[in-house]
Amino acid sequence: MINAIILCNNDMLCQSARSMGKLIHVVVGARPNQMKAAPLLKALRQHEKFEPILVDTGQHYDHEMAGIFMQQFGMGKPDFSLQVGSGTHGEQTGKILQRYEALLLEHPPSATIVIGDINSTVACALAASKLQIPVVHLEAGLRSNDRSMPEELNRIVTDHLADLLWTPSADGDENLLKSGIDKSKIIRVGNIMIDTLVSMKPAVEASTFLQGVKIHHQEFAMVTLHRPSNVDVPETLNILLDELKAVSLEMDILWPLHPRTKARIQSIGRMDELIDNPAIHLMGPLGYIDFMNGIMHSNCVITDSGGIQEETTWLGVPCITLRPNTERPITISQGTNVLASPKTLQSELIRLRKEGLPDREEIEYWDGKTAQRCVQSLEQFLWR
Ligand code: UD1
């Protein structure tokens, strides 16, 4: 135990025993980090020169938002848990900064790897950077060019703090170069989420999840919504619910509710109406295996998530993204993903169902081997 709030689950580390390889922190905090951290951790653990340490900030803390993923991916328990929980952005980011700094002072690693665009990403990058610990950003260079999104601010700041930037696709490299980041720091490693999808595919295909759902229509859509811009404003949420109700006349809707969305629907008093609709199937957040099984077999996905736009692109499932912009433009140019507003949702759905998806080419480095490229890059970086 470092102090009363940081939990150490690894006895060897608690006693500050000397390790064989270079200590590398891999930081996770919220659900979308887990499927990116898992393949990287595995590849680092297999490399004799590295000793990866899993640090969980605890931004997401419910079993179904965090623990189930670590379990399904075989990540093991986090070595350190910062247990920050929920709060306003300032509160949450501040707590992570403070607690991660304390951890770094006691157990300084050779590098800190931060992932994606959540509050934990920016807070841990800042703490490490100020202590002159090299920061590596996995999934660098994404830009929605929409500064009203908290994630966009997290991306911009993290990319400017990072010493090594691992991008998933060419647009990421271009964004970083445009913002003045030195070319020598940018390495295109590919999309690490696809590593997880490739390795978990047999388990996903074997899931019996859909046997437990009584589908009324011929087709169904998987829905996920949690962005503040969609669910926090009652007027927008009301329109969205009306549109989804209209969709449910033609297709079933399978909707694993994010805790934020559940609370907002309850606060505008429309939960019972959704529960009473036999074509709308509300459920709690799903684990990776059942969720991806639903996505894989769905006729369409309606979402405001970032990662799901990429997963549907790889799987070839039509996706409608309820946002005015995306930091993942490659999913649009591939023709699998389309942006929509609540008001254009129905017309896009009709078009997609009529036209289907265009032929697509494989995207470079979305091949299940990204973690290997990350490890090679880290080795070159630390022993250069
Ligand atoms: C966070 C990330 C977002 C990511 C999303 C995936 C930031 C700024 N946002 O948004 O980038 O796409 O995770 O889910 O870092 N809650 C629970 N249980 C939990 C976690 C949260 O009940 O395990 C509740 C919180 O109390 C809060 C709500 O869910 O009321 C939303 O959590 P919050 O931390 O605000 O961010 P997310 O919307 O999940």
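The values are calculated or read from the model by the stated rules, or taken from the named source; none is laboratory data. Since the structure is predicted, the reported quantities are computational estimates derived from the model, not experimental observations. When we count neighbours, we look across all protein chains shown, and the Cβ atoms used for this are built from the backbone with ideal geometry, even at glycine. Only protein heavy atoms, including side chains, enter the accessible area calculation; ligands, DNA and RNA are left aside. Shrake-Rupley method; radii C 1.70, N 1.55, O 1.52, S 1.80 Å.
Structure notes:
- Taking each residue as 0.36 nm, the span from Ala206 to Ala263 lengthens on full extension beyond its C-alpha to C-alpha distance by 17.3 nm.
- Computed FRET value (nearest 0.05) for Asn145 with Thr344, which takes r as the C-beta separation and R₀ as 25 Å: 0.80
- Expressed as a whole percent, the accessible surface of region 202-355 that belongs to carbon and sulfur atoms is 53, based on a 1.4 Å probe.
- Ordering of 328-336, 30-38 by packing [mean C-beta count within 10 Å, highest first]: 30-38, 328-336
- Accessible area per residue, Å², the chain with all protein chains present, probe 1.4 Å: 43
- Cross-link table Lys262/Lys343; Lys130/Lys369; Lys42/Lys95; Lys22/Lys95; Lys22/Lys369, entries beyond 25 Å C-alpha to C-alpha: Lys130/Lys369; Lys42/Lys95; Lys22/Lys95
- For Lys36, the aspartates and glutamates whose Cα comes closer than 15 Å to its Cα, not counting residues fewer than 8 places off in the same chain, are Asp56, Asp117, Glu139, Asp195, Glu310, Glu311, Asp367.
- For the chain, a Kirkwood hydrodynamic radius built from all Cα pairs, placed in the Stokes-Einstein relation at 20 °C and 1.002 mPa s, yields a translational diffusion coefficient of 100 µm²/s.
- One chain, two ends: Ala102 and Gln71. Fully extended at 0.36 nm per residue, the span grows by 8.4 nm beyond their Cα-Cα distance.
- Unit charges on C-beta of K, R, D, E only; dipole of the chain, Debye: 640
- Label sites at Gln218 and Leu153, each approximated as a point 7 angstrom past Cα along Cα to Cβ, lie 4.8 nm apart.
- Residue list for region 139-168, given a label point 7 angstrom along the Cα-to-Cβ vector of Leu177 and an amide N cut-off under 17 Å: 140-143, 165-168
- Within the chain, percent of DSSP bridges classed antiparallel, to nearest 5: 5
- Structural size metrics of region 202-355, computed from C-alpha coordinates, are Rg and Dmax of 14.5, 42 Å.
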